[in-house]
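Shown next, in structure tokens, is the structure this report addresses.
The values are calculated or read from the model by the stated rules, or taken from the named source; none is laboratory data. None of these values were measured; they are calculated from a predicted model. Here Cβ is always computed from backbone atoms with ideal geometry, including for glycine, and neighbour counts include all displayed protein chains. Surface accessibility is based on the protein's heavy atoms, side chains included, excluding ligands, DNA and RNA. Shrake-Rupley method; radii C 1.70, N 1.55, O 1.52, S 1.80 Å.
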Amino acid sequence: MLVRRLRPTLHFRAFHDLRTYQEDVRWPGWQVIIGIETHAQLKSRRKLFSGAQLIQSIRVLADLAVESLISSPDDHPNTHVSPFDAAFPGTLPKVNPKCVDLALRTALALKCRIAHRSSFDRKHYFYSDLPSAPLAKNGKLQVQTPGSSPVAVRIKQIQLEQDTAKSTFNPRTSTSNIDLNRAGTGLMEIVSEPDLRSPEEAGAYVRTLQSVLRAMGSSDGNMEQGSLRCDVNVSVNPKGGSPGTRCEVKNLNSVRFMMAAIKHEIKRQIEYLLANPGSSVPQETRGFDEDTFETFRLRSKEDAPDYRYMPDPNLGVLVLSQSRIEEIQKSLPSLPWETRSRLLGEYPGLRAKEQSLDVLLNVDNGRDVGFDGEDSGGAIWYFERLCQEAKADGRTLKRDPVVVLNWLTHELLGQLAARKQTFCENPLSVSQLGELIDLVQSKTITGTSGKLLLRHMLSNPSSDPTKVATELELLALSATASTSSARSSRLPQGSAPPELQLLCEAAIAALPSEVGALRTGNRNVLNKIVGYVMKQSRGRADAVAARNLVEELVCQAHKE
């Protein structure tokens, strides 16, 4: 069960022929084998082994943090440290159960086999590394790339780890500074089997894994902020040959950089094998230069025996009961593809709007992840509550899901993007946007006025939609006329409200050449006349009603 029991002979060799070889025009005659180790920071408020309970008896260390909370990149150095993080003698660890639960969520989502007993081992090589414990094994993740069939990527294992401190060297003073803020922060290492065969598959795998982590609430998966980092193992071999020697590229912090590193590493290894027939690529650990988009050598690569795994004497065995696993399984959030399938089943009308639904799902995938598995809402949560809004009096107000989806994806997201805001920064409550949609659907205001009202409400989030629409004079000229225009292609004579009639007459008087063209049968100019009406009414006129009335007035005047 433990990592240290694995043998180097298992590395990649056993998995070489599980996928059918497919020629890649970029490197014809060569097969690429890729495996990825992903390090994801657990979204917990506290570190993996340190917390308030650990330091109640040693409060004399007043300059150390009373509680070892996780840090952010902007925090001052050494402001989130407990005595245990700093390895003070006599301090003992206590596992954070929230970190374990978040890792269990991920393992269950990836269909892994959970280990009921896990021990924490520590590496001992040129420095003493932090401990890790295998929590689950033998999972699977379906990965979809454009224009190809889904790929089942096997998950070798998931293990709990601690992050390390940050060391900064000052060349002017020849000193090193240590920042312990991140020391002991809980991580998951998710190790895939070498089932990937191209940079594009590797990118799709990481993006899919990100969506799983965010859906489970176990990690926010932000590679830019260091919450998710990847180590990529790459090897190449001639078609039909035995697997090549793998090289590992460390600490890749974006999907784009990861794909570039894989491409460079493939070409580098092929060039080496062609230049040195009969030899193997040296097994190395490499870095990636983000300026040149090339990999560079860091050190020779160690295998499992070189790490000298030893059980950590201060950390006991982590025991997980079946009842605890089952409890987490019952409360497991839906995965993105499960949510999509459920929404299409509950709202069949969305089948004609699948592209817009995918936009909403992508937005939901990028939502803020709450701490310790807390549900932070998201775009899908917002959408579903707009479709069925629970009112204070106990009623449930239902709305057309297609209309709601259009307002969310076309209007709200567009306005937020124009303001350089994300959906997480949306200031409108469900009831506010729901009331705005109701005003448009009931033809109390027009769609154009609704868009103006939305812009105003985003700038003034506490606004009451109906009150603001009245104050800004956005109410439709006549709800009655608008309703009748929707039912009939022609307005009955005399049914138009006086204000709309005056606006149409003013447009006819202001655009004599267009009116003349309309009388000769050129209906294209009708849009310009109606546009004049809409502009003068500031979007309050019903466009269909105005169009019909203009036609009627022009024809009537022509007959006279």
Quick one: in the range 404-440, which of the residues that are under 24 Å from G366 (Cβ atoms) and charged (D, E, K, R) is least open to solvent (accessible area, probe 1.4 Å)?
E411
Options S331, S280: the member that is of a type in the set (S, T, N, Q) and surrounded by 12 or more Cβ atoms within 10 Å (Cβ to Cβ)
S280
Take T91 and decide whether it is within 22 Å of the chain's Cα centre (by Cα) and assigned to a loop (DSSP other than H, G, I, E, B).
no
How many residues are closer than 20 Å to T208 by Cβ and open to solvent by less than 70 Å² (accessible area, probe 1.4 Å) when one looks only at the range 334-345?
7
Determine, yes or no, whether L315 is of a type outside the set (G, A, S), touching a residue at least 12 places away in the same chain (Cβ under 8 Å) and touching a strand residue (DSSP E or B) at 6+ places or on another chain (Cβ under 7 Å).
no
Looking at (1) surrounded by 13 or more Cβ atoms within 10 Å (Cβ to Cβ); (2) at pLDDT below 95, which is the one condition that is false for D231?
(2)
So, in the range 441-476, how many residues would count as being among the hydrophobic types (A, V, I, L, M, F, W, C), surrounded by fewer than 21 Cβ atoms within 10 Å (Cβ to Cβ) and either over 30 Å from the mean Cα position of the chain (by Cα) or more than 24 Å from V402 (Cα to Cα) (or both)?
3
With the requirement that a residue be surrounded by 21 or more Cβ atoms within 10 Å (Cβ to Cβ), under 24 Å from the mean Cα position of the chain (by Cα) and not hydrophobic (A, V, I, L, M, F, W, C), what does the range 168-192 give you?
R182, T185, G186, S192
Confirm whether G147 is within 30 Å of E374 (Cα to Cα), under 23 Å from the mean Cα position of the chain (by Cα) and not polar (S, T, N, Q).
no
Would you confirm whether any residue within the range 151-158 is of a type in the set (D, E, K, R) and open to solvent by less than 70 Å² (accessible area, probe 1.4 Å)?
yes
Taking G539 as meeting all but one of (1) open to solvent by less than 50 Å² (accessible area, probe 1.4 Å); (2) assigned to a helix (DSSP H, G or I), write down the number of the exception.
(2)
Condition first: surrounded by 13 or more Cβ atoms within 10 Å (Cβ to Cβ) and either at pLDDT 85 or above or of a type in the set (A, V, I, L, M, F, W, C) (or both). Now tell me which residues in the range 125-141 satisfy that.
L130, A133, P134, L135, A136, K137, N138, G139, K140, L141
Could you list, ordered by first residue, the pairs with Cβ atoms under 7 Å in which the first is in the range 75-94 and at positive phi and the second is open to solvent by less than 80 Å² (accessible area, probe 1.4 Å), at least 6 apart or interchain?
N78/D179; N78/L180; N78/N181
Condition first: acidic (D, E) and either open to solvent by 80 Å² or more (accessible area, probe 1.4 Å) or part of a helix (DSSP H, G or I) (or both). Now tell me which residues in the range 307-328 satisfy that.
E326, E327
Scanning the range 254-296 residue by residue, the ones that are touching a residue at least 40 places away in the same chain (Cβ under 8 Å), of a type in the set (V, I, T) and under 25 Å from Q210 (Cα atoms) total 4
R399 - would you say it is among the basic types (K, R), open to solvent by less than 30 Å² (accessible area, probe 1.4 Å) and over 21 Å from Q225 (Cβ atoms)?
yes
